[in-house]
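Structure first, commentary second.
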Amino acid sequence: MRLVLASASPSRKKILESAGITPVIAPADVDEDAIIAEFGATPPVVEKLAQAKAEAVDFPHDVVIGCDSMLLLDGELQGKPHTVEKTIERWQQQRGKAAELITGHHVISPGGTFTGTSRTIVHFGHPTDQDIAAYARSGEPLQCAGAFTLEAMGGWFIDRIDGDPSSVIGLSLPLVRKALYSFGYSVSDFW
């Protein structure tokens, strides 16, 4: 049995590899905008997106993980900024604030499914406008929920987090462990 990651995210892959698992990478092709339009930009949509990703790949004899993350800032869910301009705007809004990073997970195994969400509070620092612009131009945050990374250049601008650090990077190891246990597997079965 293999563990399949329904994502092209290098951060999610690195989390699993650092934790002893070499996942099969099978990026899901889903219309995220259509799912958000159907279910609304509310916190439960991250689970719906994770579910759609896990179900979009076909590995019936393996364990498949789908994930999606969004930042809840000032009562509004924010996904990936995609552009330098939007990244700068987001960072000007979120600097000095605390926001909740919500990461939905949907795990499929031959014996069932598991859906769960990890929530972590991110306390943003006060980067200068110059650093915000340089960070945005680096390209790193453009495809990241909340317009930041914790484990790379964005880590300079995060003062602290309250919660699961792996979830902020994109995949909650504790939540995946619970999913595996619910199916009767041990984490070490996949090492």
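The values are calculated or read from the model by the stated rules, or taken from the named source; none is laboratory data. Everything numeric in this text was worked out from a predicted model, so none of it was measured. All Cβ positions, glycine included, derive from the backbone under ideal geometry; neighbour counts span all protein chains shown.
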Subject >> Any pair with Cβ under 6 angstrom, 6 or more apart, that starts in the range 89-110 at a residue that is closer than 30 Å to ASP129 by Cβ and ends at one that is among the aromatic types (Phe, Trp, Tyr) >> reply: GLN94/PHE124; ARG95/PHE124; LYS97/PHE124
Original post:
Looking at ALA28, is it small (Gly, Ala, Ser), modelled with pLDDT of 95 or more, in contact with a Gly (Cβ under 7 Å, 6 or more places away or on another chain) and part of a helix (DSSP H, G or I)?
Top reply: no
Original post:
How many residues are touching a Phe, Trp or Tyr at 6+ places or on another chain (Cβ under 8 Å) and either aliphatic (A, V, I, L, M) or farther than 13 Å from VAL64 by Cα (or both) if we restrict to the range 1-48?
Top reply: 9
Original post:
In the range 136-180, what residues are among the acidic types (Asp, Glu) and in contact (Cβ under 8 Å) with a residue 24 or more places away in the chain?
Top reply: GLU151, ASP159, ASP162, ASP164
Original post:
Among ARG137, ARG95, ARG177, which is closer than 24 Å to ALA28 by Cα and among the basic types (Lys, Arg)?
Top reply: ARG177
Original post:
Say we look at the range 159-191 and pick out the residues that are within 28 Å of GLY96 (Cβ to Cβ) and surrounded by fewer than 18 Cβ atoms within 10 Å (Cβ to Cβ); which of these is modelled with the lowest pLDDT?
Top reply: PRO165
Original post:
Does the range 137-148 contain any residue that is more than 17 Å from the chain's Cα centre (by Cα) and small (Gly, Ala, Ser)?
Top reply: yes
Original post:
Hey, LEU72 hits all of (1) in contact with a Pro (Cβ under 7 Å, 6 or more places away or on another chain); (2) among the hydrophobic types (A, V, I, L, M, F, W, C); (3) loosely packed, with under 13 Cβ neighbours inside 10 Å but one; which does it fall short on?
Top reply: (3)
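Would you pick out the residues in the range 140-158 that are part of a helix (DSSP H, G or I), of a type in the set (A, V, I, L, M) and buried (at least 16 other Cβ atoms within 10 Å of the Cβ)?
Looking only at the range 140-158, we keep the residues that are part of a helix (DSSP H, G or I), and these are 140-143, 145-147, 153-157.
Of the ones still in play, those that are also of a type in the set (A, V, I, L, M) are 142, 145, 147, 153.
Matches in the range 140-158: LEU142, ALA145, ALA147.
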Subject >> Identity of the residue in the range 3-17, at pLDDT 95 or above and touching a Ser or Thr at 6+ places or on another chain (Cβ under 9 Å), that ends up nearest to THR113 (Cα to Cα) >> reply: LEU3
**OP:** Could you tell me whether any residue of the range 39-59 is of a type in the set (Ser, Thr, Tyr) and modelled with pLDDT of 95 or more?
**Re:** no
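Rundown of residues vs (1) on the phi > 0 side of the Ramachandran plot; (2) crowded, with 20+ Cβ neighbours inside 10 Å, yes/no style:
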{"position": "GLY20", "(1), (2)": "yes, no"}
{"position": "ASP29", "(1), (2)": "no, no"}
{"position": "THR42", "(1), (2)": "no, no"}
{"position": "LEU49", "(1), (2)": "no, yes"}
{"position": "ASP62", "(1), (2)": "no, no"}
